[in-house]
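The next block holds one structure in the form of structure tokens; read it before the comments.
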Amino acid sequence: MTLTAVFGKPISHVAQHADAAETMIAFVNRICRRIGILRYKKYEVIMRICSLLAILMVLAFPLPALDAPSGTFTIEDVPWDNGMKLLLKWNLSAGFDSLQILTPDSLGVFQSIQIDNRSTGDQIMANLEPNQDYTYRLEAYNRSTGERYALQATGKPLEGWFYLGKLSYLIMLLLISGAILYYIFSARRGKELFIRRISGLDSMEEAIGRATEKGKPILFVPGISDLEDIQTIAALTILSHLAYRAAEYDTSLIVPCRFSMVLSAAREVVREAYMKAGKPDAYREDMVFYLTDDQFGFVAGIDGIMVREQPAANFFLGSFYAESLILAETGFSTGAIQTAGTAQAHQLPFFVVSCDYTLIGEELFAASAYLSKDPQQLGSLKGHDFGKLLVILLILTGIGFEIAGISWFRTFFEGVR
Amino acid sequence: MKKNIPLLFAFVVGIIVLASEFIPHRPFNSITETLQNWFMIISGFAILLGQISLVRVNVSKIRNRSRDWQFYLACLISFALMVIIGLLWGKQEARGILGQGAAITANLGSKPFDYLFDNVYIHLSATMFSLLAFFIASAAYRAFIIRSFESNLLMITGVIVILGRTSMGSMLTGWLPARLHFLHLPVLTDFIMQYPNSAAQRAIMISAALGILGSSLRIILGIERSYLGSDK
């Protein structure tokens with residue numbers, strides 16, 4: 001970072017010299033006219049020489065020093081961040097009523113990006129490219145006297161090695177992860193842990209039983225998101241358990257997929273489940289099939305399947321959006337027992353209304369552990385409870401601090417944005 | 001060994017991605033974006049798998065003369081038609097095998113692919129979406145049936161919000177004195193949506209976030225293996 005003034009000194013001084021030079025030139029011109037020198041062209045050269053001498057005289061004899069404005073303009077990197085911010089600070093002497101911050105555009109022409117009127121202040125410049133030099137100019141004005149003052153500085157945003165603004169998130173992550181690991185190890189050592197019942201998951205046996213009795217298929221829709229959505233992963237873990245049961249009871253399974261990656265993963269899940277159940281011959285690749293990647297085309301296709309195949313049980317688990325009610329209502333009209341689950345809060349009311357069972361919030365992600373009956377996996381569910389308790393305590397603490405007028409607690413958890 | 005390598009990959013990548021969320025320095029700050037790009041590349045190759053599945057399932061239905069097999073035939077014909085005209089004349093600014101199709105574009109007003117997309121596909125999608133209006137009505141009717149305390153609460157709240165969002169609410173309660181302003185239906189509706197409704201949704205989102213954390217941790221540590229097709 002360097003600090004330089006434009007032209008080596010404040011602009012006001014340069015302007016003063018320029019005004020004095022112009023005055024001297026005008027004086028010389030008047031003298032020449034009085035003595036009639038301008039009547040002869042050959043004396044024009046003499047006039048030019050006199051003007052030049054006048055300028056040299058002005059520069060040779062410095063003007064009396066005025067009360068020059070003073071100030072500082074600095075650029076600092078914001079520490080412990082992602083290297084996309086710079087902090088501009090300025091501290092100018094009194095006498096200016098308008099300031100603006102300029103930065104060069106792609107052609108190198110300075111453009112105004114910020115107007116201010118504080119003699120002392122700071123400003124954060126965000127959305128910058130890391131490790132690149134940025135130049136800013138601060139120009140101050142005094143409208144009544146016409147004075148101008150400019151300072152220029154250069155700075156470079158640097159990438160930090162830790163995101164300090166996310167410290168609270170890291171602490172929360174470590175605490176909750178630690179609790180999950182603690183309960184996993186406790187369960188591994190044989191400690192009995194209480195897990196509340198999730199009726200939506202308990203009903204899976206009932207749904208499969210009904211489908212088996214009626215000789216009708218089971219429909220499983222793993223949401224409309226691709227494999228990168230954690231909800232889709234959660235749905236596939238449930239599909240594994242469901243397919244295993246379906247294989248045991250020789251019940252048909254229908255799994256339409258919207259994305260090819262989900263298709264591939266779902267096929268593997270179902271195939272492995274059938275092999276695990278000892279029914280590899282019962283597995284058919286067309287159980288799991290690609291429908292379309294269009295949202296409402298996908299919905300139309302599933303509606304058609306429900307109307308034609310009349311599945312006894314429908315499972316809508318994963319990520320759903322506007323199509324949730326269309327699916328659920330169509331399934332309701334066919335008389336199927338329906339279980340739905342999603343983490344999309346806005347779609348839950350539709351599922352609650354139209355489905356027999358709904359997995360809400362974390363229940364979707366707890367399903368696999370719950371269904372596995374594996375103590376080690378069940379132990380991880382206790383970590384969820386710890387997390388909820390922790391959040392409740394933090395909310396209550398935050399409310400108390402806000403009532404007391406103390407803001408550092410909230411600021412700490414908000415983090416730097 | 002067959003399972004250990006994927007589990008090892010899951011663990012290593014999971015830890016790295018987790019760390020990259022808190023380390024803004026290179027190369028960590030670009031790991032997530034890089035992985036997403038890799039996913040998109042792999043997805044591109046997987047598209048062929050989806051198309052093969054689509055054709056195979058539909059052909060099977062047609063061959064077996066399944067119920068309503070004509071619809072499966074229509075699906076294949078539509079699929080083939082869009083692929084062919086897309087390959088021949090392209091779409092929008094993209095050229096096809098036969099060029100930009102200036103002559104046929106002059107007749108239709110746009111390229112064949114775009115013509116069918118704009119005049120058939122979009123309207124079919126809108127038709128499906130419009131079904132929501134009727135499904136919402138039927139679902140609301142069932143939801144508001146009084147049969148339990150929760151149903152009563154839901155019905156009362158629903159009626160307040162429905163009326164409060166229309167001019168009917170203002171008309172019904174506009175006569176209330178100033179000291180009872182909070183009972184003005186639009187005001188009461190805003191209160192319900194801003195406080196109880198938001199609180200409930202945030203609670204669900206917080207619990208979902210905790211569920212995601214637990215589920216992710218189980219996958220990273222190899223405790224959850226169902227996504228690999230087996231629990232063992």
TODO: For segment A:185-207, enumerate the residues that are under 16 Å from A:Ala367 (Cα atoms) and touching a helix residue (DSSP H, G or I) at 6+ places or on another chain (Cβ under 8 Å).
DONE: A:Ile195, A:Ile198, A:Gly200, A:Leu201, A:Met204, A:Glu205
TODO: Mind listing whichever residues of segment A:84-98 are modelled with pLDDT under 85 and either of a type in the set (Val, Ile, Thr) or in contact with a Gly (Cβ under 8 Å, 6 or more places away or on another chain) (or both)?
DONE: A:Leu92, A:Ser93
- [ ] Those residues that are open to solvent by less than 50 Å² (accessible area, probe 1.4 Å) and under 13 Å from A:Leu87 (Cα atoms), I need them from segment A:127-141; list them, please.
- [x] A:Leu128, A:Tyr134, A:Thr135, A:Tyr136
TODO: Would you mind finding the one in A:Phe298, A:Phe315 that is at pLDDT 90 or above and within 18 Å of A:Leu364 (Cα to Cα)?
DONE: A:Phe315
Task: Residue identified as under 33 Å from the mean Cα position of the chain (by Cα) and more than 17 Å from A:Pro222 (Cα to Cα) among A:Gly361, A:Gly318, A:Gly335, A:Gly387 - done: A:Gly387
- [ ] Being more than 22 Å from A:Gly301 (Cα to Cα) and not small (Gly, Ala, Ser) is the filter; apply it to segment A:243-261 and report the residue that is nearest to the other protein chains (Cβ to nearest Cβ).
- [x] A:Tyr244
Task: Residue list for segment A:194-203, filter: within 14 Å of chain B (Cβ to nearest Cβ) and surrounded by 14 or more Cβ atoms within 10 Å (Cβ to Cβ) - done: A:Ile195, A:Ile198, A:Gly200, A:Leu201
Open item on the list: Please count how many residues of segment B:175-196 are surrounded by 14 or more Cβ atoms within 10 Å (Cβ to Cβ) and not in a loop (DSSP other than H, G, I, E, B).
Closed with: 8
TODO: State all residues of segment A:301-334 that are open to solvent by 40 Å² or more (accessible area, probe 1.4 Å) and free of Cβ contacts under 8 Å to residues at least 24 places away in the same chain; if no residue qualifies, say none.
DONE: A:Arg308, A:Phe332, A:Ser333
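Please work out if A:Ser252 is under 15 Å from B:Leu228 (Cβ atoms) and over 29 Å from the mean Cα position of the chain (by Cα).
Taking the combined requirement at face value, the residue does not satisfy it.
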TODO: State whether the residues of segment B:215-224 include one that is within 10 Å of chain A (Cβ to nearest Cβ), open to solvent by 70 Å² or more (accessible area, probe 1.4 Å) and not basic (Lys, Arg).
DONE: yes
Open item on the list: Suppose we keep only residues that are of a type in the set (Val, Ile, Thr), under 19 Å from A:Tyr169 (Cβ atoms) and assigned to a helix (DSSP H, G or I) within segment A:378-417. Which one would you say is least open to solvent (accessible area, probe 1.4 Å)?
Closed with: A:Val391
- [ ] Check off (1) in a helix (DSSP H, G or I); (2) within 11 Å of chain A (Cβ to nearest Cβ) for B:Phe22 and give me the number that stays unchecked.
- [x] (1)
Open item on the list: Looking at segment B:139-161 only, could you name the residues that are under 27 Å from the mean Cα position of the chain (by Cα) and under 14 Å from B:Asn197 (Cβ atoms)?
Closed with: B:Leu154, B:Gly158, B:Val161
TODO: Pull up segment B:23-38, narrow it to residues that are surrounded by 13 or more Cβ atoms within 10 Å (Cβ to Cβ) and polar (S, T, N, Q), then point me to the one that is nearest to A:Tyr163 (Cα to Cα).
DONE: B:Asn29
TODO: Any chance you could count how many residues in segment B:102-116 are touching a residue at least 24 places away in the same chain (Cβ under 8 Å) and more than 11 Å from B:Gln92 (Cα to Cα)?
DONE: 1
TODO: Would you please name the residue that is surrounded by the most Cβ atoms within 10 Å (Cβ to Cβ), looking only at residues in segment A:284-300 that are more than 7 Å from chain B (Cβ to nearest Cβ) and touching a residue at least 12 places away in the same chain (Cβ under 8 Å)?
DONE: A:Val288
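For segment A:213-233, which positions are open to solvent by 60 Å² or more (accessible area, probe 1.4 Å) and either within 13 Å of chain B (Cβ to nearest Cβ) or hydroxyl-bearing (Ser, Thr, Tyr) (or both)?
The answer is A:Glu228, and nothing else.
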TODO: Taking A:Ser368 as the residue in question, decide whether it is surrounded by 13 or more Cβ atoms within 10 Å (Cβ to Cβ), farther than 23 Å from A:Leu173 by Cβ and among the hydroxyl-bearing types (Ser, Thr, Tyr).
DONE: no
Task: Unmet requirement for A:Val352, which otherwise passes all of (1) surrounded by 20 or more Cβ atoms within 10 Å (Cβ to Cβ); (2) in contact with a strand residue (DSSP E or B) (Cβ under 9 Å, 6 or more places away or on another chain) - done: (1)
Task: Residues of segment A:142-184 classified as within 20 Å of A:Leu381 (Cα to Cα), open to solvent by 70 Å² or more (accessible area, probe 1.4 Å) and at the interface with another protein chain (Cβ under 9 Å from one of its Cβ atoms), total - done: 0
Task: Positions within segment A:319-375 being within 10 Å of chain B (Cβ to nearest Cβ) and at positive phi, in sequence order - done: A:Gly361
Task: Among (1) loosely packed, with under 13 Cβ neighbours inside 10 Å; (2) among the basic types (Lys, Arg); (3) over 18 Å from A:Arg143 (Cβ atoms), the one test that A:Lys85 misses - done: (1)
- [ ] Just give me the residues in segment A:105-125 being touching a residue at least 12 places away in the same chain (Cβ under 8 Å) and open to solvent by 50 Å² or more (accessible area, probe 1.4 Å), in sequence order.
- [x] A:Phe110, A:Ser112, A:Ile113, A:Gln114, A:Ile115, A:Asn117, A:Arg118, A:Thr120, A:Asp122, A:Ile124
Task: Unique residue being facing chain B (nearest Cβ under 8 Å), buried (at least 22 other Cβ atoms within 10 Å of the Cβ) and outside any loop (DSSP other than H, G, I, E, B) when the list is A:Ser240, A:Ser264 - done: A:Ser240
- [ ] Give me a count of the residues in segment A:243-258 that are of a type in the set (Gly, Ala, Ser) and either open to solvent by 30 Å² or more (accessible area, probe 1.4 Å) or under 23 Å from A:Gln344 (Cα atoms) (or both).
- [x] 1
Open item on the list: Among (1) modelled with pLDDT under 85; (2) touching a strand residue (DSSP E or B) at 6+ places or on another chain (Cβ under 7 Å), there is one condition A:Gly146 misses while meeting the rest; what is its number?
Closed with: (2)
Open item on the list: Being surrounded by fewer than 12 Cβ atoms within 10 Å (Cβ to Cβ), in a helix (DSSP H, G or I) and either in contact with a Lys or Arg (Cβ under 6 Å, 6 or more places away or on another chain) or modelled with pLDDT under 90 (or both) is the filter here; which residues of segment B:39-76 pass it?
Closed with: B:Met40, B:Ile41, B:Gly44, B:Phe45, B:Leu48
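The values are calculated or read from the model by the stated rules, or taken from the named source; none is laboratory data. Note that the structure is a prediction, hence the values are computed from the model and not measured. Cβ: placed from backbone, ideal geometry, glycine included. Neighbour counts: every protein chain shown. Areas reflect the complete protein model, heavy atoms only, side chains present, ligands, DNA and RNA absent. Shrake-Rupley method; radii C 1.70, N 1.55, O 1.52, S 1.80 Å.
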